[in-house]
Amino acid sequence: MRLRSLMVGTVTAALALSLTACGKSSDSGSGNPSVDAKASFEAGTTMAALNQAGKIRIGTKFDQPLFGLKGLDGKPTGFDVEVAKLLAAKLGLSADKIEWVETPSKVREEVIEQGKVDLVVATYTINDKRKERISFAGPYYEAGQDLMVKKDNDKITDQNSLKDAGAKVCSVTGSTPAETIKKYIDEKNLVLFDVYSKCADALKNNQVDAVTTDNVILLGLVDKSEGAYKLVGKPFTKEPYGIGIKKGDTKFCQFINDTLKAAAADGSYEKAWKDTAGKVAPNTPKLPETATCS
């Protein structure tokens, strides 16, 4: 009787393993999305090449709390990171097959053009200038530029108050917010660094009066400051975040767009948000309408 029970248990375990191997394998225990183990693509496409290679290189930020922040284990975490994992899973690649490449704002087009990454998910605003060099899939999120100040600063109330306050404002080299803020301040009062964490340090040390970038990035910095900073809370632009890929790769673009739509429909997009940025901004955003691939 005992022998029969052991045999039944062994068969049951083997059956469970075989079921996992077929179709989608789950990384649910680690919090990662389920991998499409049956993923198959048209020969000659970027998707087929990545699937066959069994690995993917993804550019993201390492200094953006809630979107792309390098953890103590050396791996990045955040909404951008989770979106990237969803794309990899649809390619048949588990999260451990992703090589994360730190990609600050000023080098995003460069790393795509030089083939150092296969795609970039890094709070990457879609605009015409960038589309001259690379293509975008998405958008997958729409942010808005805002201001972060010290919690006791009542002089800076919106972007129009900056010039009267003689405010020094910090942003990142090569970013859309750095260009936009020039409309509202004397250019001599614009301070630029390569990453936003240095802007936060400059605010702490009174080297600048405000930091400007997209509101969700600032929310992460505010959250990390333990009450030292606050968000002005008056966004003055619309910043559609896209996924950067090699220029003209329309089939890869369409694959990404289809994957984003499927993620919005099956709840995995919502999970990605709630596990990351949703801890500070609990209302899950609606996936924006994706643009035509070109």
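Here, each number is a calculation from the coordinates, and none is a lab measurement. Treat the numbers as computed from the prediction; the structure is a model and nothing was measured. Here the Cβ is made from the backbone with ideal geometry for all residues, glycine too, and neighbour counts use every protein chain on show.
Things worth noting here:
- Every Cα-Cα pair in the range 240-290 was counted, and those over 19 Å apart are 34% of them.
- Overall form of the range 22-121 per C-alpha gyration tensor (a/c, 1.5; a/b vs b/c): oblate
- Cleavage-rule hits, trypsin sites (Lys or Arg not before Pro), the range 220-289, DSSP coil, Cβ neighbours within 10 Å at most 14: K238, K286
- Comparing mean-square fluctuations of D128, D36, D223 from a GNM of the chain with C-alpha springs under 10 Å, the top value falls on D128.
- DSSP assigns beta bridges within the chain; of those with both partners inside it, close to 65 percent run antiparallel.
- With at most 12 other Cβ atoms within 10 Å, longest stretch of the chain clear of loop GluC sites (Glu not before Pro) (DSSP): 133-225
- Cα-based values for the chain, radius of gyration first and Dmax second, are 21.7, 87 Å.
- Net charge contributed by nearby residues that have their C-beta within less than 10 Å of L218 (K/R +1, D/E -1): -2
- Gyration tensor verdict on the range 112-207 (Cα atoms; rounded if a/c is under 1.5, prolate if a/b is larger than b/c, oblate otherwise): prolate
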